[in-house]
Amino acid sequence: MIPTPANQQVLEAMSELFASFPHCRTLGLQYVGTDGRKSTMKLDWREDLVGNPVTGILHGGVITSLVDTTSAISVTAQLPEAETIATLDLRIDYLKAATPGKPIFCTAECYRLASQIAFTRAVCYHDAPSDPIAHGVATFMRESSRTPMLQEGGK
């Protein structure tokens with residue numbers, strides 16, 4: 001689904017919001033853009049984000065934040081209007097160490113948007129998704145006020 005003008009505004013607003021979160025600003029996450037279902041963010045290598053000073057390799061938690069945030073943005077690309085989402089589950093397979101000094105990109109896709117849950121997959125890479133650093137899959141809960149059972153107090 002290519003974002004329509006109606007959800008393009010939601011996507012832009014939510015992307016700016018996610019990138020403005022304090023931990024995202026601290027890490028330096030940058031929103032690159034969205035193409036259809038796929039959103040991309042960039043993280044520049046910085047010495048203060050290194051997990052192992054001997055090797056200069058970025059800390060795995062930094063990549064986790066990159067995958068989580070990019071995946072969340074890919075969910076918002078599918079939403080007709082702004083709503084709260086929350087990460088339910090996140091799994092990352094670290095395939096190889098990131099190269100010190102090089103930026104990391106993450107492209108995530110929301111491949112299934114159900115009424116209550118969204119499903120995503122992501123890949124982190126330096127130059128091309130075909131040479132991945134890490135793969136991630138995540139599920140997100142959509143805004144609970146949209147769930148009729150919860151609107152009625154669970155009755």
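For region 36-89: of the residues being in contact with a Cys (Cβ under 6 Å, 6 or more places away or on another chain) and not in a helix (DSSP H, G or I), which is farthest from ALA128 (Cα to Cα)?
Checked region 36-89; the qualifying residue farthest from ALA128 (Cα to Cα) is GLN78.
Here's a check for you: in region 27-56, which residue that is out of contact with any Ser or Thr (no Cβ under 6 Å at 6 or more places or on another chain), modelled with pLDDT of 90 or more and of a type in the set (Val, Ile, Thr) is nearest to ALA118 (Cα to Cα)?
Among those residues, the one meeting the criterion is VAL50.
Testing ALA122 on (1) assigned to a strand (DSSP E or B); (2) modelled with pLDDT under 95, one condition comes back false. Which one is that?
Among (1) assigned to a strand (DSSP E or B); (2) modelled with pLDDT under 95, the lone unmet condition for ALA122 is (2).
Only one of GLU81, GLU12, GLU16 is over 23 Å from LEU95 (Cα atoms), out of contact with any Leu (no Cβ under 7 Å at 6 or more places or on another chain) and either of a type in the set (Ser, Thr, Tyr) or touching a residue at least 40 places away in the same chain (Cβ under 8 Å) (or both). Can you tell me which?
GLU81
With respect to GLY56, is the statement that it is over 23 Å from ARG142 (Cα atoms), in contact with an Asp or Glu (Cβ under 9 Å, 6 or more places away or on another chain) and among the small types (Gly, Ala, Ser) true? If you could, list the steps in order and put the result at the bottom.
Numbers: over 23 Å from ARG142 (Cα atoms): yes; in contact with an Asp or Glu (Cβ under 9 Å, 6 or more places away or on another chain): yes; among the small types (Gly, Ala, Ser): yes.
Criteria met by GLY56.
Answer with yes or no whether LEU66 is surrounded by 15 or more Cβ atoms within 10 Å (Cβ to Cβ), closer than 24 Å to MET141 by Cα and free of Cβ contacts under 8 Å to residues at least 60 places away in the same chain.
For LEU66, the condition - surrounded by 15 or more Cβ atoms within 10 Å (Cβ to Cβ), closer than 24 Å to MET141 by Cα and free of Cβ contacts under 8 Å to residues at least 60 places away in the same chain - is met.
Which one is farthest from VAL67 (Cα to Cα) among residues in region 110-132 that are crowded, with 21+ Cβ neighbours inside 10 Å and in contact with a Lys or Arg (Cβ under 8 Å, 6 or more places away or on another chain)?
ALA118
The values are calculated or read from the model by the stated rules, or taken from the named source; none is laboratory data. None of the values given here were measured: they were computed from a predicted structure. Reconstructed Cβ throughout: ideal geometry from the backbone, glycine too, with neighbour counts over all protein chains shown.
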